[in-house]
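These notes concern the structure reproduced below.
The values are calculated or read from the model by the stated rules, or taken from the named source; none is laboratory data. Predicted model, so just to flag it, every value in this text is computed and none were measured. Cβ placement follows ideal geometry from the backbone for every residue including glycine, while neighbour counts extend to all protein chains displayed.
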Protein chains: 2
Amino acid sequence: MKAIVLQEKGQPIEYADFPDPQPAEGEVVVDLKAAALNHRDVWITKGMYPGIQTPGILGSDGAGLHEGRACVINPNIGWGDKRAHQRKDYTILGMPKHGTMAEKVAVRRDRLHDKPEHLSWEEAAALPLGGLTAYRAVFTRGQLQSGDKVLISGVGGGVALFAFQFALAAGAEVYVTSSSEEKIEQAVAMGAKGGANYREDGWHKQLREASGGFDVVVDSAGGPGFALFPKICRFGARIVTYGGTQGKVPGFSPQLIFWKQISILGTSMGSDEEFAEMIAFVNQHQLKPVVDRTYPLSEAPAAFQRMDEGQQFGKIVLTV
Amino acid sequence: MKAIVLQEKGQPIEYADFPDPQPAEGEVVVDLKAAALNHRDVWITKGMYPGIQTPGILGSDGAGLHEGRACVINPNIGWGDKRAHQRKDYTILGMPKHGTMAEKVAVRRDRLHDKPEHLSWEEAAALPLGGLTAYRAVFTRGQLQSGDKVLISGVGGGVALFAFQFALAAGAEVYVTSSSEEKIEQAVAMGAKGGANYREDGWHKQLREASGGFDVVVDSAGGPGFALFPKICRFGARIVTYGGTQGKVPGFSPQLIFWKQISILGTSMGSDEEFAEMIAFVNQHQLKPVVDRTYPLSEAPAAFQRMDEGQQFGKIVLTV
């Protein structure tokens, strides 16, 4: 079959021939219709991920057919039985196990969920890992309630956009940040109450004035901006962090954290239970993932480059 | 009556005559038997607290008699009806409202709780604010479970010692830090599994090895040590912060926070509901607050000095 293969650590990915998957006990083979990219895939191509094994097929997100059933795939492998946290040996599809950027993938039968009928193959493929991460961030960790004021930082990213859509669907009043005015405008067109450019001085004061303070913040940047969140949060706020692309937080102060009874909640991926809840939520609210662009599988290198440049608004999808 | 009075901001406290309290509507007068110090009282004498009004009687902690009933006083004024956080206008007894370092104090009748029978007046007076803060930190915020591995930093302090006693009583395995070997030994004698001197390099590695990693950390220091907590925490751990005496946390990194699904939980004081639960917990487990030293009310300045020097192990109490 054809697949996107990392032949050796540090080499560019290749569109190449690869042996068809041989399902192990309890596994089935899915004929993929579409796959989607995550930052994790790009980091793996740069050697910036633990446990890289080659040759390997990348891709955690996929949708396709198994014996005529239209499916999306839960990428979790061995999360374990606690909602609070994963097991130490938890991994996800697409490294070290061969992933979804291929014509076929072998997964355990219980990883298959019915594809939401209102979604195209491309939209369905965009959903799994980003949707799971955002669902856990917003609901399990952020404990979002209807009417909450919510800030989503870096709104172009896949997880950030899912968090944005989920929060809106749950009845929150949502604000965004981005370094791109265009992305802020797109978010406002989708229902954001307002936004600010985090490269401008005083962005946090703008947002505090506009919102009156936040109950929930969802962030994957860290860095200097993170230290400002407590200042624009209400008493009892939850600041959820699922990444640190801007590095360490300088001069993090406990004072506002304890006085305002703020919670800073780390989150990563999600449990199988949360995956099922996320699919149900998407069905209930008829949500459609934002697809930035689609590329044929053979043009995956161009798709990876687009993600690496951070230009996207929504998920980048490969059609098989 | 006699009282410990701050006559003017920035002046030393005085043992002085002061008019008897005139109870407002809904208030009663308590004849105090003992009062206790909190760091807050020392900070107020240094002008390091918002909203200082003079002349004022200090003291948040007190126990005494009201019409023959032996009482401890809930120091909360206007926490509000949410457990998650206080109202913005929340204050506590002892500034701006006249406090417990006096022969008499006027408080609302619903602030009175029966004095636990197994406690002396001094022990009962030691309980309110420290016990409330520790109870919320350990249970409401830290979600401590029996069998959890717990780290209490700076174990000589009043809140830290209550947190230590509460965690032990709830069936946790407790470790401590201090800059004093003597305090670590005292904690071990009381039931700590081990401890480390946070002034020694590698203290966190010692504790990680000894414990296998922590489920709950309770800290009021902040500073550089705080940045090490995620490294010695297990997946799903809760790091509870109720102070920042060592200042800002330099180089706080999101990576371990999100990967290990760690929660950093700010906490301050506690609700009326938590106060009642704390008293019930102390009765149920027949816990006795650790009293460091007692001074007659007239010698309060010496008591304040001892607290300011940080030499105490447990609560410093004034007898009336």
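Considering A:Ser253, A:Ser211, A:Ser271, the condition of being of a type outside the set (A, V, I, L, M) and touching a Gly at 6+ places or on another chain (Cβ under 7 Å) is satisfied by A:Ser253 alone. Filtered by the rule that a residue be surrounded by fewer than 23 Cβ atoms within 10 Å (Cβ to Cβ), at the interface with chain A (Cβ under 7 Å from one of its Cβ atoms) and either among the aliphatic types (A, V, I, L, M) or not in a helix (DSSP H, G or I) (or both), the stretch B:253-262 gives B:Ser253, B:Lys260. Looking across A:Arg136, A:Arg111, A:Arg141, A:Arg69, one residue alone is closer than 28 Å to B:Phe235 by Cβ and not assigned by TED's automatic domain parsing to the domain that holds A:Lys193. It is A:Arg111.
Okay, residues lined up against (1) touching a residue at least 60 places away in the same chain (Cβ under 8 Å); (2) under 21 Å from the mean Cα position of the chain (by Cα):
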{"site": "B:Val159", "(1), (2)": "yes, yes"}
{"site": "B:Phe162", "(1), (2)": "yes, yes"}
{"site": "B:Gln165", "(1), (2)": "yes, yes"}
{"site": "B:Ala169", "(1), (2)": "yes, yes"}
{"site": "B:Val176", "(1), (2)": "no, yes"}
{"site": "B:Lys183", "(1), (2)": "yes, yes"}
{"site": "B:Ala196", "(1), (2)": "no, no"}
{"site": "B:Asp201", "(1), (2)": "no, no"}
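Exactly one residue among B:Lys248, B:Lys260 is closer than 25 Å to B:Ala210 by Cα and among the charged types (D, E, K, R), and that residue is B:Lys260. Within the stretch A:80-110, being touching a Pro at 6+ places or on another chain (Cβ under 7 Å) and not small (Gly, Ala, Ser) holds for A:Ile92, A:Leu93, A:His98, A:Lys104, A:Val105. When the stretch B:263-278 is filtered for residues that are at the interface with chain A (Cβ under 9 Å from one of its Cβ atoms) and over 15 Å from the mean Cα position of the chain (by Cα), the ones remaining, listed by number, are B:Ser263, B:Ile264, B:Leu265. For the stretch A:229-238, the criterion of a residue being in a loop (DSSP other than H, G, I, E, B) and not β-branched (Val, Ile, Thr) is satisfied by no position.
Annotation note: of A:Gly310, A:Gly247, the sole residue that is more than 14 Å from chain B (Cβ to nearest Cβ), more than 30 Å from B:Tyr90 (Cα to Cα), surrounded by fewer than 20 Cβ atoms within 10 Å (Cβ to Cβ) and in contact (Cβ under 8 Å) with a residue 12 or more places away in the chain is A:Gly310.
Could you tell me how many of the residues in the stretch A:47-79 are within 21 Å of the chain's Cα centre (by Cα), in a loop (DSSP other than H, G, I, E, B) and touching a residue at least 24 places away in the same chain (Cβ under 8 Å)? Residues in the stretch A:47-79 being within 21 Å of the chain's Cα centre (by Cα), in a loop (DSSP other than H, G, I, E, B) and touching a residue at least 24 places away in the same chain (Cβ under 8 Å): 10 in total. Of the residues making up the stretch A:196-228, those that are away from chain B (no Cβ under 14 Å), part of a loop (DSSP other than H, G, I, E, B) and closer than 28 Å to B:Trp259 by Cα are A:Tyr198, A:Arg199. Pairs meeting the criteria (first residue in the stretch A:106-134 and closer than 16 Å to A:Thr294 by Cβ, second residue among the aromatic types (Phe, Trp, Tyr) and surrounded by 23 or more Cβ atoms within 10 Å (Cβ to Cβ), beta carbons under 7 Å, at least 6 apart or on different chains) are A:Gly130/A:Phe162.
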